[in-house]
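To keep things clear, I will list the structure first and then write my remarks on it.
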Amino acid sequence: MHDKIEEDLGPTAELQLSERPEVLQIAKDADLGGRTTEGAIGAVMMAIGLAWVAFQLWYASPLPFALGWGVFNDTEARSIHLATALLLAFLAFPALRSSPRDRVPVLDWIFAIAGAFTALYLIIFYRELSLRPGNPTALDVAVGIVGILLLLEATRRAVGLPMAILAMVFLAYVMAGPYLPDVIAHKGASIPRVVSHMWMVTEGVFGIALGVSVSFIFVFVLFGTLLDRAGGGNYMMQVSFALLGHLRGGPAKVAVVSSALNGLISGSSVSNVVSGGIFTIPLMKRAGYGGVKAAAIETSSSVNGQIMPPVMGAAAFLMVEYVGIPYSDIVKHAFIPAVISYIALFYIVHLEAVKLGIQPAARERDRTMRDRLVSWGLGISGTLIACAVIYYVASGAKLAFGGAAPYVLGVLLTLLYVYSVRVAARQPDLPAEIDVKNPVLPPTWPTVKAGLHFLIPIGVLIWCLMVEELSPGLSAFYGVLAQLLMMATQRPMIAAFRRSGDAGAQFAVGLRDIVQGCNEGARNMIGIAVATGCAGIIVGAITLTGLGLRMTDFVEFVSQGNVLAMLLFTAFVCLVLGLGVPTTANYILVATLMAPVIVELGAQSGIVIPLIGVHLFVFYYGIMGDITPPVGLASFAGAAIAKEDPIAVGIQGSVYALRTVVLPFIWIFHPQLLLLDVRSWLELVVVVIGCTVASLLFAALTMGWLRVRTKWWEAALLALAVFTLFRPDFFMDRLYPEFRTEPPARLFAIAGRLPDDERLVLQIAGTNLEGEEIRKTVAVQLRERGPAPADDAAAAALGRKRVAEAGLTVSVLSETAQVTNVKFGSRAKKAGFEQGFDIVAVLVPSGRPSPNWFYLPAFVLIAIVWISQGRRLRAAAA
């Protein structure tokens, strides 16, 4: 990342960075490690990084299975992944601030080699370990202890001391179980058992979290790094500036939109702050926002990049395993909240511009209103038409050519790429920086055309994820492959189209960019890989001691059975952990401990809380740790650029982040925001409009300003309108019940008639493991139904099949039904179904009027405030 900043952003950026070395150091320490990438040390680390990239691309590709050679099982791949991460962690990250940055001490070499060996131990002695599971030898125990200690040290260096301390606390909890108070006591475990559980099997360090890192996260991080290295990040910035630079508060709006666009390809908050903030923060300060607000705006918009699909933060890939749904579904569920959050932040910076009287920073192009409307109309309609043509041509090719379709699509994609590069060659090169002292608004359409080819790798990634529904790893592999081909050919092709005669030299530059990009991608992954490995210690401690089961009683005691109090407690835990634990580890810990508890206690309260909603809840509050003081790293980076107090920046950023913080509470009770239980396009449009308006009004409330400064009674009316728009079901539930009950015997017939992706809602009762009689409401999402069944018999047959596919086996006898089996790891298991429980009733929609009718009185309240403030505005103008 810092190489990219130093080499490619131009003289203005280099001057700014030279004036703020602490900014560059933050980026180095956070993403790449503090040691130099030059000389012999740099060459060694680059060689290891490139080898790591080659292995990961091989593992993600279909080639091993196609060739029948080089196939790695999960344990082998995770061992190699962690071994490389530990090797690079001790080489790249100094032990102390006073440690040398230009060389690697002997002790670090010893740690690096020893760490790699302990991780590779599972491969070297794979056969022996498989023949004596749970019975480790003295050598196994010694290697495991050394491996855990070195992993903790690598975590301290690459991730931070709080994460290492948290892991050690959980290890101490495992060992001290018999001596603890009864509420958290357990029988404990011997050192050999702890080491075996943590290091020699896939329950601890080499568990799900590290598996997701090796399968998905690496290739996505590599994709984003390569696209940024190729110029994609600068292209997003320049397009945003061309579109928005002439508006009031334009630099702040550029920061918001460019961070949203960068969020398509990058999941790193600090990288987004440094790469975009080096331009936008000085521009915002010059426009009149002030240093604290400028840094807070850039920090808030950059952190939100982690929630913007398709390349969300690393934690999002873990949801695939924890929730048990395809990544394409996670992208679908996360899309609308992310867009609404960015729209609200855009509105916040506009309100700040109005309050401060900020005028445009760049001179607007001389165009009439008619020219503007025609330009925007042609741009939007042209984009939609182009997307539609690409989609239907690709779909038609699949239907027409069958098995040969991939080759045909490859040819068509190549032609599209050549054409887009030819269009880019006719435009002037994009500037490498924005002149913060004398910003000049670039022409919009030429700026857009100058980098259309950057969208092709993104399009390949999205197509594979959303249309072809390939695995995230394979989708990212094809995206990276397209990106590598583009980086190797874009410069020489542009030179050829311009007939400049230096195509060979440009090809060499492209290859150098590929090498540097792959090296940066590997360095960016060190901290993530180490963090997921260390988080495995925490997860292993939870599974070994049964702490997850005790958390249900503890949270129920703290919240006294109140779902809202339970959610507030969970949010507080996420924020506290976020003070020192990175987003990925924060998510792993809280999702492991709290997500099942929320679902269970919600079910016992009669509230069906969707599992994906709970995990996104944890994810959203986890990323707030990058903003909230006193340790928010993104806030520190923004404050370093602005030369302001990082605590003040963090506090201001937290205020701006309130519009994101409120969204998770909304979708818990209003799951339509996650595209759950949406039964028509009309309902979807109404919900999106209502929630967007509510988010904008909530932002206005936090700013104390709508059209003018808000009075107390206006704020009260707006607050009521916001609550009504966010929770229309709250009022409808007082008038009509959401469900009506059907007898258990009709379960299969009802399941067979439910629409696609609809949730089957049941009331079940039984005795839990503690011998307590409980009754709860649970729901499991059913997959595609196909054509509607003709009669009840056909519906029952189809329903039995759909229920079984969800992992549920139900025995129906006359008027009763019982859950006879719940498949391990299935959607039903994760939704809270329990074997042996009786099905009390099937809950089906009652057919009540839509809760969205309550939007009407909410908009009446908004109109009252709008008219009232309009009168004051006109009076002030007069």
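The values are calculated or read from the model by the stated rules, or taken from the named source; none is laboratory data. Small disclaimer: the values here were computed from a predicted structure and weren't measured. Cβ coordinates were reconstructed from backbone atoms using ideal geometry, including for glycine residues, and neighbour counts include every protein chain displayed. Accessible surface is based on the protein model in full, side chains and every heavy atom, while ligands, DNA and RNA are left aside. Shrake-Rupley method; radii C 1.70, N 1.55, O 1.52, S 1.80 Å.
Of note:
- Criterion violated by residue 718 - all others in (1) under 21 Å from residue 355 (Cβ atoms); (2) modelled with pLDDT under 90; (3) open to solvent by less than 40 Å² (accessible area, probe 1.4 Å) satisfied: (2)
- Residue 217 in contact with a helix residue (DSSP H, G or I) (Cβ under 6 Å, 6 or more places away or on another chain), of a type in the set (A, V, I, L, M, F, W, C), in a helix (DSSP H, G or I) and at pLDDT below 90: yes
- For first residues located in the range 64-93 and under 25 Å from residue 40 (Cβ atoms), partners that are of a type in the set (Phe, Trp, Tyr) and outside any helix (DSSP H, G or I) and lie 6+ apart or on another chain with Cβ distances below 9 Å form the pairs 80/72.
- Qualifying residue in the range 784-801 (condition: touching a residue at least 40 places away in the same chain (Cβ under 8 Å), closer than 21 Å to residue 680 by Cβ and surrounded by 14 or more Cβ atoms within 10 Å (Cβ to Cβ)): no
- You will find that of 74, 140, 108, 102, the residue that is in contact with a Phe, Trp or Tyr (Cβ under 6 Å, 6 or more places away or on another chain) and among the acidic types (Asp, Glu) is 108 and no other.
- Hits in the range 237-258 (condition: crowded, with 24+ Cβ neighbours inside 10 Å, small (Gly, Ala, Ser) and part of a helix (DSSP H, G or I)): 240, 250, 252, 255, 258
- Test set (1) under 20 Å from the mean Cα position of the chain (by Cα); (2) over 12 Å from residue 86 (Cα atoms); (3) among the aliphatic types (A, V, I, L, M) - residue 555 fails condition number: (1)
- Matching residues in the range 59-104 - criterion: being open to solvent by 60 Å² or more (accessible area, probe 1.4 Å) and of a type in the set (Phe, Trp, Tyr): 65, 69, 72
- For the range 680-689, the set of residues classified as more than 17 Å from residue 329 (Cα to Cα) and either surrounded by 14 or more Cβ atoms within 10 Å (Cβ to Cβ) or in contact with a helix residue (DSSP H, G or I) (Cβ under 9 Å, 6 or more places away or on another chain) (or both) consists of 683, 686, 687, 688, 689, listed by residue number.
- Contact annotation: residue pairs with Cβ atoms under 6 Å, 6 or more positions apart or on different chains, pairing a residue in the range 148-172 that is free of Cβ contacts under 8 Å to residues at least 60 places away in the same chain with a partner that is assigned to a helix (DSSP H, G or I) and hydrophobic (A, V, I, L, M, F, W, C), are 156/164.
- Looking only at the range 761-780, and only at residues there that are under 13 Å from residue 803 (Cα atoms) and in contact (Cβ under 8 Å) with a residue 60 or more places away in the chain, the one that is surrounded by the most Cβ atoms within 10 Å (Cβ to Cβ): 762
- Within the range 615-666, helices (runs of 4 or more DSSP H) holding 2 or more residues that are of a type outside the set (Lys, Arg) and over 24 Å from residue 692 (Cβ atoms): 633-642, 646-656
- Against the list (1) modelled with pLDDT under 80; (2) crowded, with 24+ Cβ neighbours inside 10 Å; (3) outside any loop (DSSP other than H, G, I, E, B); (4) under 23 Å from the mean Cα position of the chain (by Cα), the condition residue 261 fails is (2).
- Each residue in the range 478-504 was checked for being touching a Leu at 6+ places or on another chain (Cβ under 9 Å) and among the polar types (S, T, N, Q), and 1 pass.
- For the range 811-838, the set of residues classified as in contact (Cβ under 8 Å) with a residue 24 or more places away in the chain, open to solvent by 10 Å² or more (accessible area, probe 1.4 Å) and part of a strand (DSSP E or B) consists of 812, 816, 838, listed by residue number.
- Of the residues screened, residue 730 is one that is hydrophobic (A, V, I, L, M, F, W, C) and open to solvent by 10 Å² or more (accessible area, probe 1.4 Å).
- Residue match in the range 187-197 (condition: touching a Cys at 6+ places or on another chain (Cβ under 8 Å) and at pLDDT 80 or above): no
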